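Encoded as structure tokens, the structure appears first; notes follow it.
No lab work stands behind these numbers, since they all come straight from the coordinates. Keep in mind it's a predicted model, so treat the numbers as computed, not measured. Cβ placement follows ideal geometry from the backbone for every residue including glycine, while neighbour counts extend to all protein chains displayed.
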Amino acid sequence: MKVPLYHVDAFTSQVFKGNPAAVCPLTEWLDERVLQAVAAENNLSETAFLVRKGSSFEIRWFTPTVEVDLCGHATLAAGFVVFNYLEPAGSIVSFSSPSGPLVVRRDADLFSLDFPSRPPAACLAPPLLTRALGAAPAEILASRDYLAIYPKEEDVRSLKPDMSLLKDIDRLGVITTAPGSHCDFVSRFFAPGAGIPEDPATGSSHCTLIPYWSQQLRKQKLHALQVSARSGELFCEDRGDRVTISGRAVLYSEGTLHL
């Protein structure tokens, strides 16, 4: 069986920046063990698999080690592939996902994700978390992931987490964040337990970051930077129970899998 593969850098307009994702359109779903093996072989933070269902697509996301319930950058990459290769006349595409219906819209070179809002709440964070991060945050909240809030951008940039300790954290990942010097807020995202030591540019973490910073800064539209080594730029909007996460994308490579 031959399966097309597109390698797309998301939340950036430059190759080697943003977050790389593999996108594999399928004619039908393959066995889950095959999907996981493909994701492990790709060895990117996420591989998105698509199956057309009428006028929309089903989508699933796999890290090199696990399937996840929601992934922003690979969904943006999937929208990029749909609009550039599968339905070039389109400007809106719907995906059926484990987190419900998701929509990607294209406006010139900007791709916008319509995602669920996941506001953080107070939690009892394990003492291990602060030790793993190496620097105590001002506050720790939680949604799907822990949210560690720091006073300054440099606090987030200078973190050197102990990944062997973070692997044992009882949530998918840890978001670290602070007010931005040249944007509304910055963040980094760590999920070594899911096979992703540090994710370069993370859409799903912004489902939590957007409602938090929207409330803190008292504004609905936000400009965000993920300050990983590759970096990522995101344009965000808080819409109550939904958020809009927008960014650019660029194709790095395309090829064929032989399964």
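Per residue, the average separation of C-alpha pairs within less than 8 Å and at least 6 apart gives region 121-240 a relative contact order of 19 percent.
Given in Å, the Rg to one decimal and the Dmax to the nearest whole number for the Cα atoms of the chain are 17.4, 52. Over region 121-240, the alpha carbon radius of gyration divided by the compact-protein estimate 2.2 N^0.38 Å works out to 0.96. In the elastic network of the chain, a GNM with C-alpha springs shorter than 10 Å, the most mobile of Thr177, Thr130, Thr75 is Thr130.
Among Asp241, Asp145, the ranking by other beta carbons within 10 Å of each residue's beta carbon, starting with the fewest, stands as Asp241, Asp145. Among Asn43, Asn19, Asn84, the residue with the largest mean-square fluctuation in a Gaussian network model of the chain, with springs joining Cα atoms closer than 10 Å, is Asn84. Using 0.36 nm per residue and subtracting the Cα-Cα separation, the extra length available between Val15 and Gln215 on full extension is 68.6 nm. Here region 18-115 is assigned +1 on the Cβ of each Lys and Arg and -1 on the Cβ of each Asp and Glu. Its dipole about the Cα centre then comes out at about 160 debye. For the residues Pro197, Pro120, Pro98, a GNM of the chain with alpha-carbon springs under 10 Å puts the largest fluctuation on Pro98. When the alpha carbon coordinates of region 1-145 are projected onto the principal axes, the ranges are 49, 35, 31 Å, largest first.
Pairs over the 28 Å Cα-Cα cut-off, from the set Lys152/Lys221; Lys152/Lys219; Lys53/Lys221: Lys53/Lys221. Take the Cβ atoms of Val66 and Arg242, set R0 to 30 Å, and the FRET efficiency comes out at 0.70.
Which ordering of Cys24, Cys123 is given by a fewest-first count of other beta-carbon atoms within 10 Å? Spell out each step's value before the answer.
Details: Cys24 22, Cys123 13.
By the 10 Å Cβ count, ascending, the order reads Cys123, Cys24.
How big is the equivalent ellipsoid of region 177-244 along its three axes, where each semi-axis is √(5λ) from the Cα gyration tensor, reported in whole Å from largest to smallest?
Working: eigenvalues 85, 37, 17 Å².
One finds semi-axes of 21, 14, 9 Å for region 177-244.
Could you compute the net charge surrounding Thr65? Neighbours are other residues with a C-beta less than 14 Å from the C-beta of Thr65; K and R count +1, D and E count -1.
On the way: positive: Arg33, Lys167; negative: Glu32, Glu41, Glu46, Glu67, Asp199.
Surrounding charge for Thr65 is -3.
For the chain, relative contact order (Cα pairs under 8 Å, six or more residues apart, normalised by length) works out to 24 percent. Computed per residue of the chain from DSSP H runs no shorter than four, each worth -39500 (n - 2.57), the mean residue ellipticity at 222 nm is -5000 deg cm²/dmol. Can you give the log10 of the normalised intensity I(q)/I(0) at q = 0.21, 0.25, 0.27 Å⁻¹, computed with Debye over equal Cα scatterers of region 30-98? With no solvent term, the Cα-only Debye profile gives -0.87, -1.12, -1.23. Multiplying the residue separation of Ala122 and Leu257 by 0.36 nm and subtracting their alpha-carbon distance yields 44.1 nm.
Based on DSSP, what percent of beta bridges with both residues in the chain are antiparallel, to the nearest 5?
Numbers: 65 of 80 bridges.
In the chain, approximately 80 percent of DSSP beta bridges are antiparallel ones.
Each residue in Phe83, Phe115 was given a count of other beta-carbon atoms within 10 angstrom of its own, and listing them fewest first yields Phe83, Phe115. Above 16 Å lies some portion of the pair distances; for region 63-109, what is it as a whole percent of all C-alpha pairs? Tail fraction, whole percent: 39.
With a sphere of radius 11 Å drawn around the Cβ of Leu234, what net charge do the other residues whose Cβ falls strictly inside it have (Lys, Arg +1; Asp, Glu -1)? Walk me through the numbers on the way to the answer.
Values: positive: Arg248; negative: Asp184, Glu233, Glu237.
Net of charged neighbours comes to -2.
Here region 1-54 and region 219-239 have alpha carbon centers that stand 23 Å from each other. Evaluating 6.51 cos²θ - 1.76 cosθ + 1.60 at θ = phi - 60° for every residue in region 147-163, the Karplus couplings come out as 10, 9, 9, 10, x, 10, 4, 4, 4, 6, 4, 8, 4, 10, x, 8, 5 Hz, glycine and proline recorded as x.
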